[in-house]
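Here is the structure we will look at.
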Amino acid sequence: MAGVAWWKTAVIYQVYPRSFMDANGDGIGDLDGITAKIDYLVDTLGVDAIWVSPFNKSPMADFGYDVSDYTDVDPIFGDLDAFDRLVARCRESGLRLIVDWVPNHSSSEHPWFGESRSSRDNAKRDWYTWADPAPDGGPPNNWIAVFGGPAWQYDELTGQYYLHSFLASQPDLNWRNEGLKAAMLDTLRFWLDRGVDGFRMDVVHFAMKDPELRDNPVFDAPETLARSLGEYDKLVHLYDRGHPDIHPMLREVRAVLDQAEAGSGSAKYSVGEIHLLDWDEWASYYGASNDELHMPYNFAFVSGPWTAEWARNNVEELEAALPEGAWPNYVLSNHDEHRLVSRLGWDRSALAILMLLTLRGTPTLYYGDEIGMLQADIPPERQQDPWGRRVAELGRDGERTPMQWDASPEAGFTQPGVEPWLPIVDPDRLHNVAAQLGVAGSRLEFHRRLLALRKLSPALQLGDYQTIPDVPEHVFAYRRTFDDEVLSVFLNMGEGPVELDVSGTILLGTDPARVGAIESLRLQGLEGVIVR
Ligand code: NOJ
Ligand code: CA
């Protein structure tokens with residue numbers, strides 16, 4: 001739509017590059033694999049942008065979220081020429097390209113860290129956070145790493161601890177150091193110059209901590225809750241992330257994007273991975289004058305009871321928290337969360353997708369959800385995720401298995417006879433693109449119809465949001481309005497049928513047979529429709 005930044009009307013699709021398509025037959029997905037599937041993304045599915053999880057050079061302790069060179073491609077995924085081919089193919093087909101940027105920590109194998117740890121007076125010493133041991137020789141404070149254990153690692157060579165909010169092989173960068181800041185901002189410019197349209201910024205709110213490194217308070221949880229809390233959640237994360245200095249830092253990041261936008265005449269975009277439950281704190285990451293992130297990811301729908309009341313509250317609270325002029329967004333799943341279908345069941349997951357693609361805001365889809373891929377149960381000997389190896393239930397391999405393109409043993413992901421890096425999980429050989437394409441009622445066709453409708457509808461892309469009140473208890477209903485286009489969405493989140501006094505024309509629903517004029521509306525349990 002003319003005059004509107006692309007990222008407001010776009011549907012974004014997350015590609016986990018290890019698992020999307022393997023072009024060279026080593027069992028691991030790569031950049032050329034993504035390039036080979038652009039037609040699928042644009043013409044078959046109909047998405048507008050892809051976010052590709054990290055493909056930077058990395059020892060892969062956290063599958064690319066441990067970067068050892070911010071301006072190079074890991075050989076597993078290809079090289080810079082392969083990246084340029086991907087950019088060129090995206091350009092040709094009008095697909096926007098968003099890359100992952102990991103500003104909070106590098107790999108311990110990054111040469112910067114090698115220098116930093118080499119001596120206390122190395123010029124890059126302060127590019128990371130080093131601190132003296134506590135008087136008893138233990139870690140400098142009580143901070144805990146997200147992946148478990150103390151957030152501090154003792155380094156014999158210089159007799160100090162370094163901070164790592166995640167793995168010990170992911171030391172936290174020190175954004176208070178001007179040299180580090182300049183070097184990191186340059187990494188953004190590098191990818192912008194190479195043609196990217198935006199960045200997904202990994203745990204970016206972690207980048208600023210308390211400069212005094214004070215102890216986090218202990219969470220005073222009710223006893224029943226306290227027993228179920230993991231080590232990390234037992235503390236209130238007051239000092240180890242989200243220090244107010246994060247806001248000036250994000251304004252500097254934004255300035256780099258704005259400059260590239262002005263230089264290229266094409267809108268640039270940033271979305272931060274910011275898991276925060278407090279809406280006002282979350283919304284502060286847009287910036288007081290919309291001058292920080294274009295949006296922080298909204299994870300409200302990633303877990304919860306999936307009742308109508310809960311869904312309505314999520315949306316109304318978000319709409320109320322948004323600063324003037326800020327644009328909302330929604331997401332249901334990603335490479336850190338269990339697969340949507342396995343979390344919600346088949347029918348409820350369809351309802352969730354109908355909601356995702358009809359609410360006001362930019363939606364992000366996760367690869368494979370469009371064919372209803374299932375959470376995989378990975379046998380212990382094949383577990384790859386460092387988190388899962390530490391605490392089995394927390395493993396994320398199950399949501400990262402190879403994309404299923406066809407019903408062959410390798411699912412069309414890699415060459416025949418090659419063992420993919422994680423097993424294929426398609427028990428009935430129906431959760432794949434080939435089995436679903438053109439098949440009425442398939443999950444893939446549901447996505448294709450919905451995405452096509454959205455593309456033609458200014459109301460769905462840009463319209464106002466209004467809750468429709470006075471509907472039956474288990475129904476979440478809302479209206480989207482743009483000029484004279486008014487669409488209403490009715491989602492029956494209950495198990496039983498409901499009757500509504502609604503007339504008009506059903507454009508699309510979770511039941512593919514439900515289209516056409518209606519005088520009244522009876523919805524089956526877990527059924528949803530869009531009515532004009
Ligand atoms: C969040 C990413 O989504 C996750 O996959 C990663 O392990 C951590 N950040 C650490 O970078
Ligand atoms: Ca490969």
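Coupling constants for the range 320-333 follow from the phi torsions by the Karplus curve (6.51 cos²θ - 1.76 cosθ + 1.60, θ = phi - 60°), and in residue order they are 6, 7, 4, x, 3, x, 7, 10, x, 7, 9, 8, 10, 7 Hz; glycine and proline get x. For the chain, the Cβ-based charge dipole about the Cα centre amounts to some 840 debye (Lys, Arg positive; Asp, Glu negative; other atoms uncharged).
Of the residues MET1, HIS431, LEU332, the one whose Cα sits farthest toward the positive end of the charge dipole of the chain, with +1 on the Cβ of Lys and Arg and -1 on the Cβ of Asp and Glu, is MET1. A protection proxy built from the mean count of other Cβ atoms within 10 Å ranks the segments 311-317, 292-298, most packed first, as 292-298, 311-317. Put a dot 7 Å past the Cα of SER228, heading toward its Cβ, do the same for THR505, and the two dots end up 4.7 nm apart. Think of each Lys and Arg Cβ as +1 and each Asp and Glu Cβ as -1; about the Cα centre, that makes the dipole of the range 421-532 roughly 520 debye. Computed from point charges on the beta carbon alone (+1 for Lys and Arg, -1 for Asp and Glu), the dipole magnitude for the range 111-163 about its Cα centre is near 140 Debye.
Only helices enter this figure: runs of n ≥ 4 DSSP H residues, each worth -39500 (n - 2.57), summed and divided by the residues of the chain, yield -7000 deg cm²/dmol at 222 nm to the nearest 500.
FRET efficiency for the ARG479 to ASP72 pair, using the beta carbon distance and R₀ = 41 Å, is estimated at 0.25.
Between the range 92-135 and the range 481-512, how many Å separate their Cα centres? The two parts, judged by their Cα centres, are 50 Å apart. In the range 75-132 the Cα-Cα distances spread across 5 Å bins starting at 0 as 4, 14, 17, 15, 11, 11, 11, 9, 6, 3, 1 percent of all pairs.
Probing with 1.4 Å while keeping every protein chain in the model, the per residue accessible area of the chain equals 38 Å². Is the range 111-163 best put as rounded, prolate or oblate by its Cα gyration tensor, with a ≥ b ≥ c the root eigenvalues, rounded for a/c under 1.5, and otherwise prolate when a/b is larger than b/c, oblate when not? Here the range 111-163 falls in the oblate category. Once a ≥ b ≥ c are taken as the square roots of the eigenvalues of the Cα gyration tensor of the chain, is the result rounded (a/c under 1.5), prolate (a/b larger than b/c) or oblate (a/b not larger than b/c)? The shape class here is prolate.
Would you mind telling me the share, in percent, of accessible area of the range 111-163 contributed by carbon and sulfur at probe 1.4 angstrom? Roughly 50 percent of what the probe reaches on the range 111-163 is carbon or sulfur. Can you bin the range 463-531 into rounded, prolate or oblate? Criterion: square roots of the alpha carbon gyration tensor eigenvalues sorted a ≥ b ≥ c, rounded for a/c under 1.5, prolate for a/b above b/c, oblate for the rest. Note, shape of the range 463-531 comes out oblate. If R0 equals 30 Å, the separation of the Cβ atoms of ASP26 and ALA440 corresponds to a calculated FRET efficiency of about 0.20. For ARG96, the residues whose modelled amide H falls within less than 5 Å of its own, excluding neighbours fewer than 5 places apart on the same chain, are ALA49, ILE50.
Normalising the average separation of contacting C-alpha pairs (under 8 angstrom, six or more residues apart) by the number of residues puts the relative contact order of the range 105-203 at 25 percent. Taking each residue as 0.36 nm, the span from GLU393 to ARG214 lengthens on full extension beyond its C-alpha to C-alpha distance by 61.3 nm.
Averaged over residues, the count of other Cβ atoms within 10 Å places the peptides 453-461, 151-159 in the sequence 453-461, 151-159, highest first. Sequentially through the range 264-281, phi angles give Karplus couplings (6.51, -1.76, 1.60; θ = phi - 60°) of 9, x, 10, 4, 10, 9, 9, 10, x, 7, 10, 7, 9, 8, 7, 4, 5, 5 Hz, Gly and Pro residues having no value and appearing as x.
Size estimate for the range 77-186 follows the Kirkwood approach: the inverse of mean 1/r over distinct Cα pairs works out to 15.8 Å. Between the range 199-214 and the range 427-467, how far is it from one alpha carbon centroid to the other, in angstrom? Taking the Cα centre of each part, the range 199-214 and the range 427-467 sit 37 Å apart. Here the accessible area is traced with a 1.4 Å probe on the protein chains. For the range 269-399, carbon and sulfur cover 48 percent of it. When the charge dipole of the chain is built from unit charges on Cβ atoms (+1 for Lys and Arg, -1 for Asp and Glu) and taken about the Cα centre, the candidate among SER266, VAL502, ASN492 whose Cα reaches farthest toward its positive end is VAL502.
Residue ranges 398-406, 83-91, 375-383, 215-223 sort as 398-406, 83-91, 375-383, 215-223 when ordered by packing (mean number of other C-beta atoms within 10 Å per residue, highest first). Computed from backbone phi, the HN-Hα couplings of the range 448-465 come to 4, 5, 5, 5, 5, 5, 4, 5, 8, 10, x, 4, 6, 6, 10, x, 5, 10 Hz, rounded to whole numbers (Karplus: 6.51 cos²θ - 1.76 cosθ + 1.60, θ = phi - 60°; Gly and Pro given as x). Placing unit charges on the Cβ atoms of the charged side chains and taking the dipole of the chain about its Cα centre, the candidate lying farthest along the positive direction among MET249, TYR40, TYR366 is TYR40. Go through LYS209/LYS268; LYS124/LYS181; LYS37/LYS57 and tell me which ones have a Cα-Cα distance over 19 Å in this structure. Cα-Cα > 19 Å for LYS209/LYS268; LYS37/LYS57; rest within.
Taking label positions 7 Å along the Cα-Cβ direction at both ASP43 and GLU109, the computed distance is 3.9 nm, reported to one decimal. With both labels modelled 7 Å from their Cα along Cα-to-Cβ, the GLU317 to ARG176 distance reads 3.3 nm. Secondary structure note: in the chain, about 60% of the DSSP beta bridges are antiparallel.
What FRET efficiency comes out for the pair ASP126/GLU381, r = Cβ-Cβ distance, R0 = 51 Å, nearest 0.05? For R0 = 51 Å, the calculated efficiency reads 0.75.
The values are calculated or read from the model by the stated rules, or taken from the named source; none is laboratory data. Please read these numbers as outputs of a predicted model, since none were measured by experiment. Because the Cβ atoms are built from the backbone with ideal geometry, glycine has one as well, and the counts that use them run over all protein chains shown. What goes into the accessible areas is simple: the full protein's heavy atoms, side chains included, and nothing from ligands, DNA or RNA. Shrake-Rupley method; radii C 1.70, N 1.55, O 1.52, S 1.80 Å.
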